[in-house]
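Take a look at the structure below.
The values are calculated or read from the model by the stated rules, or taken from the named source; none is laboratory data. Source: prediction; values computed, not measured. In this analysis, Cβ positions are derived from the backbone assuming ideal geometry, glycine residues included, and neighbour counts consider all displayed protein chains. The protein model used for the area step is the full one, side chains on, heavy atoms only, and it has no ligands, DNA or RNA in it. Shrake-Rupley method; radii C 1.70, N 1.55, O 1.52, S 1.80 Å.
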Amino acid sequence: VTAPARVARLEWDSRHFGVEVGRLEGGADGLAEALADAARGGLRLVIARVEAAEPGGVARLEAHGFGLADTLVRYERAPAPPPPVRARTVRVRPATPEDAAAVEALAAEAFEGYPGHFRHDPRLDPRRADEVYVRWAVNACREAGEEAWLGLAEAGPRPVGFGLVTRAAADTAEGALYAVARAARGRGIGGALLAATMDWAAARGFARMTVYSSLANPPAHRVWLAAGFAPAGGLHTLHAWLDRR
Ligand SMILES: CC(C)(COP(=O)(O)OP(=O)(O)OC[C@H]1O[C@@H](n2cnc3c(N)ncnc32)[C@H](O)[C@@H]1OP(=O)(O)O)[C@@H](O)C(=O)NCCC(=O)NCCS
């Protein structure tokens, strides 16, 4: 039995966008009531995720005013054995809080115009949409902790990219965020970062590693496929603006 639908306010996102944002949780029952409650509580944007394989999932949300904002493809494989690394001169080391400025600059460049669900929503500030990923990377750099690892790729004197892996479930690590400086792309650095995050996952005993990427972002899919990841489903992201009803 799934819990009835409810909307949970997203503190960080609401502050970041200057718009009251919530996330739809629970099952299909009570959706209209949950949205009415959210509107009464002052929420304006509600974000919902549905498994691509869920029958009628998108149509059900569309009937309540949601529109498709993005589709993510999920890829999976075991984190070991490691994939071959093409970029032989690159070194990936753990990032430290002192690397925050370098990570911020790399993320600002890599995620400018990133085609995610925030960017695809014309009612959100596009610069703020890109900044979501920048803030995420910088926060991970400052406070990686036990449940996440941020690797920094160096090829010569400067960092050229980073990769973030986090614990998604007891047996699953998720490759969450990867970025390579524009001038350094296409040389296998993305692949080397993915391999380094897989090493972390394997050393931590995770049986499975998962990575996601938007249908609108083909370079990332090429990196996952080259490392032996296989498609394993997907997620649709939908947005509903409550003041339009
Ligand atoms: C996705 C990303 C990290 C890949 O980094 P990368 O160092 O270019 O990755 P690789 O060189 O290992 O692989 C890139 C693939 O694109 C191909 N490619 C060729 N020329 C390229 C170029 N100029 N730019 C990008 N990719 C190129 C490569 O051949 C490779 O495919 P292959 O392995 O089948 O040959 C990088 O494009 C990036 O930072 N993008 C913006 C942020 C992003 O989308 N992150 C991923 C989701 S979080």
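Filter region 208-219 down to the residues that are open to solvent by less than 20 Å² (accessible area, probe 1.4 Å) and not β-branched (Val, Ile, Thr), then identify the one that is farthest from the ligand (Cβ to nearest atom). Reasoning before the result, please.
Of the residues in region 208-219, the ones open to solvent by less than 20 Å² (accessible area, probe 1.4 Å) are 209-211, 213-214.
Next, from what is left, pick out any that are not β-branched (Val, Ile, Thr): 209, 213-214.
Details: 209: 14, 213: 5, 214: 8 Å.
Here the answer is 209.
Would you call residue 196 away from the ligand (no atom under 16 Å from the Cβ), farther than 30 Å from residue 58 by Cβ, open to solvent by 10 Å² or more (accessible area, probe 1.4 Å) and in contact (Cβ under 8 Å) with a residue 24 or more places away in the chain? Walk me through it before giving the result.
On the way: away from the ligand (no atom under 16 Å from the Cβ): no; farther than 30 Å from residue 58 by Cβ: yes; open to solvent by 10 Å² or more (accessible area, probe 1.4 Å): yes; in contact (Cβ under 8 Å) with a residue 24 or more places away in the chain: yes.
Criteria not met by residue 196.
Take residue 205 and decide whether it is farther than 30 Å from residue 65 by Cβ and either of a type in the set (Asp, Glu) or within 14 Å of the ligand (Cβ to nearest atom) (or both).
On the way: farther than 30 Å from residue 65 by Cβ: yes; either of a type in the set (Asp, Glu) or within 14 Å of the ligand (Cβ to nearest atom) (or both): no.
For residue 205, the condition - farther than 30 Å from residue 65 by Cβ and either of a type in the set (Asp, Glu) or within 14 Å of the ligand (Cβ to nearest atom) (or both) - is not met.
Looking at region 1-29 only, could you name the residues that are of a type in the set (Gly, Ala, Ser), in contact with an Asp or Glu (Cβ under 9 Å, 6 or more places away or on another chain) and more than 25 Å from residue 132 (Cβ to Cβ)?
Of everything in region 1-29, just one residue is of a type in the set (Gly, Ala, Ser), in contact with an Asp or Glu (Cβ under 9 Å, 6 or more places away or on another chain) and more than 25 Å from residue 132 (Cβ to Cβ), namely 3.
Answer yes or no: is there a residue in region 148-166 that is under 21 Å from residue 132 (Cα atoms), charged (D, E, K, R) and surrounded by fewer than 22 Cβ atoms within 10 Å (Cβ to Cβ).
Checked region 148-166: no residue is under 21 Å from residue 132 (Cα atoms), charged (D, E, K, R) and surrounded by fewer than 22 Cβ atoms within 10 Å (Cβ to Cβ).
Can you pull out every residue in region 72-101 that is open to solvent by less than 30 Å² (accessible area, probe 1.4 Å) and of a type in the set (A, V, I, L, M, F, W, C)?
Across region 72-101, the qualifying residues are 72, 73, 87, 90, 95, 100.
Take the residues in region 220-243 that are open to solvent by 70 Å² or more (accessible area, probe 1.4 Å) and assigned to a helix (DSSP H, G or I); name whichever of them is farthest from the ligand (Cβ to nearest atom).
Taking region 220-243 and keeping what is open to solvent by 70 Å² or more (accessible area, probe 1.4 Å), we get 222, 225-226, 231, 243.
So of that shortlist, the ones also assigned to a helix (DSSP H, G or I) come out as 222, 225-226, 243.
Details: 222: 4, 225: 7, 226: 4, 243: 31 Å.
If we take residues in region 220-243 being open to solvent by 70 Å² or more (accessible area, probe 1.4 Å) and assigned to a helix (DSSP H, G or I), then 243 is farthest from the ligand (Cβ to nearest atom).
Taking the criterion of being assigned to a helix (DSSP H, G or I) and away from the ligand (no atom under 15 Å from the Cβ), would at least one residue in region 106-124 satisfy it?
Looking only at region 106-124, we keep the residues that are assigned to a helix (DSSP H, G or I), and these are 106-110.
Add one more test, that the residue is away from the ligand (no atom under 15 Å from the Cβ), and what stays is none.
So far as region 106-124 goes, no, none of its residues is assigned to a helix (DSSP H, G or I) and away from the ligand (no atom under 15 Å from the Cβ).
Going by the conditions given, is residue 155 among the small types (Gly, Ala, Ser) and either away from the ligand (no atom under 11 Å from the Cβ) or within 19 Å of residue 74 (Cβ to Cβ) (or both)? Reasoning before the result, please.
Details: among the small types (Gly, Ala, Ser): yes; either away from the ligand (no atom under 11 Å from the Cβ) or within 19 Å of residue 74 (Cβ to Cβ) (or both): no.
No, not satisfied.
Please determine whether any residue of region 33-50 is touching a helix residue (DSSP H, G or I) at 6+ places or on another chain (Cβ under 9 Å), at pLDDT below 95 and assigned to a loop (DSSP other than H, G, I, E, B).
Checking region 33-50: not a single residue is touching a helix residue (DSSP H, G or I) at 6+ places or on another chain (Cβ under 9 Å), at pLDDT below 95 and assigned to a loop (DSSP other than H, G, I, E, B).
Can you tell me which residue within region 169-189, out of those that are closer than 14 Å to residue 77 by Cβ and buried (at least 17 other Cβ atoms within 10 Å of the Cβ), is nearest to the ligand (Cβ to nearest atom)? Full working, then the answer.
In the first step, residues of region 169-189 are kept if they are closer than 14 Å to residue 77 by Cβ; the result is 171-175.
Those still in the list that are buried (at least 17 other Cβ atoms within 10 Å of the Cβ) too: 173-175.
Details: 173: 15, 174: 11, 175: 8 Å.
Among residues in region 169-189 that are closer than 14 Å to residue 77 by Cβ and buried (at least 17 other Cβ atoms within 10 Å of the Cβ), the one nearest to the ligand (Cβ to nearest atom) is 175.
Could you figure out which of (1) at negative phi; (2) without any contact (Cβ under 8 Å) to a residue 40 or more places away in the chain; (3) surrounded by fewer than 19 Cβ atoms within 10 Å (Cβ to Cβ) isn't true of residue 113?
Here residue 113 clears every test but (1).
Yes/no matrix, rows are residues, columns are (1) farther than 23 Å from residue 129 by Cα; (2) buried (at least 19 other Cβ atoms within 10 Å of the Cβ):
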{"site": "44", "(1), (2)": "no, no"}
{"site": "48", "(1), (2)": "no, yes"}
{"site": "60", "(1), (2)": "yes, no"}
{"site": "70", "(1), (2)": "no, yes"}
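I'm trying to understand the selection: among the residues of region 1-28, which are within 19 Å of residue 117 (Cβ to Cβ), among the β-branched types (Val, Ile, Thr) and outside any strand (DSSP E or B)?
Once the filter is applied, which keeps residues that are within 19 Å of residue 117 (Cβ to Cβ), among the β-branched types (Val, Ile, Thr) and outside any strand (DSSP E or B), region 1-28 yields only 19.
Please specify each residue of region 194-239 satisfying the condition of being acidic (Asp, Glu) and farther than 18 Å from residue 92 by Cβ.
We begin by selecting, within region 194-239, every residue acidic (Asp, Glu); these are 199.
Those that are acidic (Asp, Glu) and farther than 18 Å from residue 92 by Cβ: none in region 194-239.
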